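Here's the structure we're looking at; comments come further down.
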Amino acid sequence: IIMVDDYSRDESYNQILQLQKKDNRVKALKLAKNFGQQNALICGFNYVKGDYIVTIDDDLQHNPEDIIELYNTIRKGYDVVYSIPENRQYSFYRKLGSKMTDFLFSVITPKEPETKVSSFRIMTGELAKKITRDKSAFVYISAIILQYTDNIANIYVSHTDRKHGKSNYNFIKLTRLFFKLYTYYGNFPLLKLLKSKKSQYIIEEKIGFDY
């Protein structure tokens, strides 16, 4: 289990270290500053091993028990399986953002309309390795996935209220996300001149790795 701390301001990293002391299967990565969720994920992808890789958020809205169904589904031959909440417990802005992102993906990628994406998913280890080839400063995992495969499935699960903290998403941030997706993953040569050359992430500390 790889836990990436994206420069949190609370006790999250200390909690990760406590878990690592209790179970050496837990690995800790601490980033030197806040790079964003997607960049933190691709950082973790550079350290994963195994035939199948699961990504899951830390806000407890996703049920870890659903990993079993994700695993059983991907074993049918898919490259990636997304867990889609039947009743999203999100704010209006998050729901609007999801719809905007889904529409944009339909424009800039070969995603089929019926295919949905989320941050709770399972993919093959081979696909995870391909994702790490993307060195863009701005990272969006699902956009990268859709460049490599359309062999995708969805499962539908329950979705609960966020247990701790609150989402940082708002309309301005979602608008910026929309523009960056267009810039980095759309087929628009002039916009690519706006791409940043910054590092995807910088690791301040890693604990529990022997590789």
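The values are calculated or read from the model by the stated rules, or taken from the named source; none is laboratory data. Values in this document were obtained by computation on a predicted structure and should not be read as measured data. Cβ sites come from the backbone with ideal geometry, for glycine too, and all protein chains shown count toward neighbours. Remember, those area values only see protein heavy atoms, side chains included, never the ligands or the DNA or RNA. Shrake-Rupley method; radii C 1.70, N 1.55, O 1.52, S 1.80 Å.
Using a 1.4 Å probe and counting only protein heavy atoms, arrange Asp51, Asp23 so the residue with the most accessible area comes first.
Accessible-area ranking of Asp51, Asp23, largest first: Asp51, Asp23.
Just order 137-143, 171-177, 4-10 by mean Cβ neighbour count inside 10 Å, highest at the front, would you? List each step's numbers first, then the result.
Working: 137-143: 21.3, 171-177: 13.0, 4-10: 15.7.
Going from most to least packed, we get 137-143, 4-10, 171-177.
Just the number, please: percent antiparallel of the DSSP beta bridges in the chain, rounded to the nearest 5.
Numbers: 11 of 21 bridges.
Expressed as a percentage, antiparallel bridges in the chain total about 50.
How do the peptides 101-108, 33-40 rank, highest first, by the average count of neighbouring beta carbon atoms within 10 Å per residue? Don't skip to the end; give the middle numbers.
Details: 101-108: 15.6, 33-40: 17.5.
My ranking of the peptides, most packed first, is 33-40, 101-108.
Once you have a ≥ b ≥ c as the square roots of the Cα gyration tensor eigenvalues for segment 1-54, tell me rounded if a/c is under 1.5, and otherwise prolate or oblate according to whether a/b is larger than b/c. Intermediate results must be reported in sequence, preceding the final value.
Values: a/c = 2.66, a/b = 1.08, b/c = 2.47.
Because a/c hits 1.5 or more and a/b fails to exceed b/c, segment 1-54 counts as oblate.
Charges at C-beta only: +1 for Lys and Arg, -1 for Asp and Glu. How large is the resulting dipole of the chain about its Cα centre, in Debye rounded to 20? Walk me through the numbers before you get to the answer.
On the way: 32 positive and 24 negative charges, 167 e Å.
In debye, rounded to 20, the chain gives about 800.
Decide, for segment 106-149, between rounded, prolate and oblate: order the square roots of the alpha carbon gyration tensor eigenvalues as a ≥ b ≥ c, take rounded if a/c falls under 1.5, and otherwise choose prolate if a/b is larger than b/c, else oblate. Write down the numbers at each step before the final one.
Values: a/c = 1.77, a/b = 1.29, b/c = 1.37.
Note, shape of segment 106-149 comes out oblate.
Among the lysines, which have Cα under 20 Å from the Cα of Lys198 when same-chain residues fewer than 8 positions away are ignored?
Here the lysines satisfying the reach criterion relative to Lys198 are Lys30, Lys33, Lys135, Lys173, Lys180.
Apply the Karplus parameterisation 6.51 cos²θ - 1.76 cosθ + 1.60, with θ equal to phi minus 60°, to every residue of segment 47-55 and state each ³J(HN,Hα) to the nearest whole Hz, in sequence, with x for glycine and proline.
Result, ordered by residue: 10, 6, 9, x, 6, 9, 10, 10, 10 Hz.
Compute and list, largest first, the equivalent-ellipsoid semi-axes of the chain from the alpha carbon gyration tensor, each √(5λ) rounded to a whole angstrom. Can you show the working numbers first?
Numbers: eigenvalues 125, 90, 72 Å².
Ellipsoid semi-axes (Å, largest first): 25, 21, 19.
Could you look at the chain and say what percent of its accessible area is carbon and sulfur, using a 1.4 Å probe and all protein chains?
Result for the chain: 51 percent of the exposed heavy-atom area is carbon or sulfur.
Which ³J(HN,Hα) values, rounded to whole Hz and listed in residue order, are derived for segment 132-144 from phi using the Karplus coefficients 6.51, -1.76 and 1.60 in 6.51 cos²θ - 1.76 cosθ + 1.60 with θ = phi - 60°, glycine and proline given as x?
The phi angles translate into 5, 6, 6, 10, 5, 5, 9, 10, 9, 4, 5, 5, 5 Hz.
If amide hydrogens are placed 1.01 Å from N in the peptide plane, which non-local residues have theirs closer than 5 Å to the one on Val157?
The list, which skips near neighbours in sequence, is Ile84, Glu86.
Counting only heavy atoms of the protein chains, get the accessible area per residue of the chain (1.4 Å probe) and round it to a whole Å² value. Write down the numbers at each step before the final one.
Details: 12600 Å² over 211 residues.
Accessible surface, normalised per residue, equals 60 Å².
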